[in-house]
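The values are calculated or read from the model by the stated rules, or taken from the named source; none is laboratory data. Given the structure is predicted, the values throughout are model-derived calculations rather than measurements. As a convention, Cβ positions derive from the backbone with ideal geometry for all residues, glycine included, and neighbour counts pool all protein chains shown. For accessibility, only protein heavy atoms count, side chains too; no ligands or nucleic acids. Shrake-Rupley method; radii C 1.70, N 1.55, O 1.52, S 1.80 Å.
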Amino acid sequence: HSRRAACASTAPQRKAMAHPGGSGQRQAAKAAGTTGDDGGEEQVRVSLCRHRDLAPRAPWSPDNGQGLASVATAGGRQRCAELPALLADLAAGGLAPLEDLCVTLRDGGYQVAEGICDGGAIELALERLTTPAAACQDAVAVSERARPLAAEALWLMLYDHESCTRFMQAGGHRRIVKLLREEAPSCNSALSSGALRVIGETLYSEPRSAEIWGTAELDFIIEAMDWALRFEPASERGPLLAIVCNLAALWVWRAKETAVETILPLVGLVPRLLEELSVRNEEPDVLAQGCRLLHGLAGRCRFWPENVREPTIAAMQEMSSNYRFTPLPGVQGYSIQALKAVQELPAAPPTASGALSSMD
C-alpha cells in the first residue's frame, strides 16, 4: 500500500542526500547526442522502414495538464463500516459512490479491498471505466469525471493474483486495451494515465503462453511512451513515465512470435528516454523502470544504431557509477544490467535490415 501511495504522488520525490552528476549528467547526455537533435530517431525510423512496412498510428494528444493528480475525491467519505450499502450505491451509478469507494480503499487497506472485491466491485468499476461517456447512463460531464475515478478504484483494489484473476475473467484486459487503442489518443489524460496504470498492474498475471503476447494488440504502448516523454506539465511527467516504462518493459520481455517485431519502434525513443533519465536523477521509480526497459530492448534486439547505442552505454556507466555509494532503491542493479546488455550489442548489424531475435 505504501508503494502505491508513493507511485500515486505526482510531486517529484526529493531525497535529503545530494546525488552526484546532476546538471553534469544532463550536459554529458547532451554532449553525447542523447537529446534527439542528432537524427538518432530518424536513423532508427529509416531502419524500421527497411525492416517492415510500419503503418503509423495517430500520436496521442490527450488534454495535458490532467494527469494522475487530477483524480480528486474531496467529496468522498470513508465507508469501511457499511460496505454492502457502498456496493449497492456503486451499482446504482453516480459520482459520489465512486469517490466514497476510492476513499474507503485508501483508508481500509487489504482486508477492506478483499471484501469489496468479493462484493463485485471489480466488475462494477470495470464497467464504469470502459463504458464511453456517450453510452453511459450518467450525464457526459459526470461520466468524464467518473471514469478516471473508476480507474483509480480498480488500481487500489487489484492487490494480488486473485483479484487480478477476477479482473481478467471479467474481460478486463480486452476492454482496457480497446479503450487505450481507440479512446486514449484524444480523451481526458487522467483517464489515459489511469487505464495505463491499471493494465500495468494486471498484465503481470497473464501467463507467458497467453495469446496477447503473440499479437500486436499492445502496440499502443509505443504511442503511450511518446506521449509520456512529452507530457506537460513536466512536474507530472515522472510518475506517468515510470508507469509506461514498466508496461513497456513487461511487453518487451513477454512478446513472442511475430509480435517480437512490433517492439522495434521503441528503440527510436531511446534518445529521448535517456534525456529524461538524466533530468530525473532523483526519482527512483523513473530511473529503475527506464533501465528495465533499456535492458529488455537490448536483450531482444540484435542491433542498435551507433548514435543510440554509444550514448546509452555512456549514460548507464555514469548512472551505475553515481549510485554506487549513494544508491536509490533498485537503480544501481538495473543500470548495471542495462549497461551489460547494451555493451554486448554488436557494433554492426548482423543482417542488412537489422532484425530482432525471437528469443532472449
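Some values worked out for this structure:
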item	result
Out of Leu240, Leu264, Leu293, sole residue that is surrounded by fewer than 24 Cβ atoms within 10 Å (Cβ to Cβ) and within 12 Å of the chain's Cα centre (by Cα)	Leu240
Verdict on Glu276 being assigned to a helix (DSSP H, G or I) and acidic (Asp, Glu)	yes
Residues within region 179-209 that are out of contact with any helix residue (DSSP H, G or I) (no Cβ under 7 Å at 6 or more places or on another chain) and either open to solvent by 30 Å² or more (accessible area, probe 1.4 Å) or at pLDDT 95 or above (or both), tallied	5
Answer from Leu218, Leu274 - the residue that is aliphatic (A, V, I, L, M) and either open to solvent by 10 Å² or more (accessible area, probe 1.4 Å) or over 18 Å from Ala298 (Cα atoms) (or both)	Leu218
Residue check, Val252 assigned to a helix (DSSP H, G or I) and either farther than 25 Å from Ser209 by Cβ or of a type in the set (Asp, Glu) (or both)	no
Checklist (1) touching a residue at least 60 places away in the same chain (Cβ under 8 Å); (2) assigned to a helix (DSSP H, G or I) applied to Asn281, failing item	(2)
Region 317-339, residues that are assigned to a helix (DSSP H, G or I) and more than 21 Å from the chain's Cα centre (by Cα)	Gln317, Glu318, Met319, Ser320, Ser321, Asn322, Ile336, Leu339
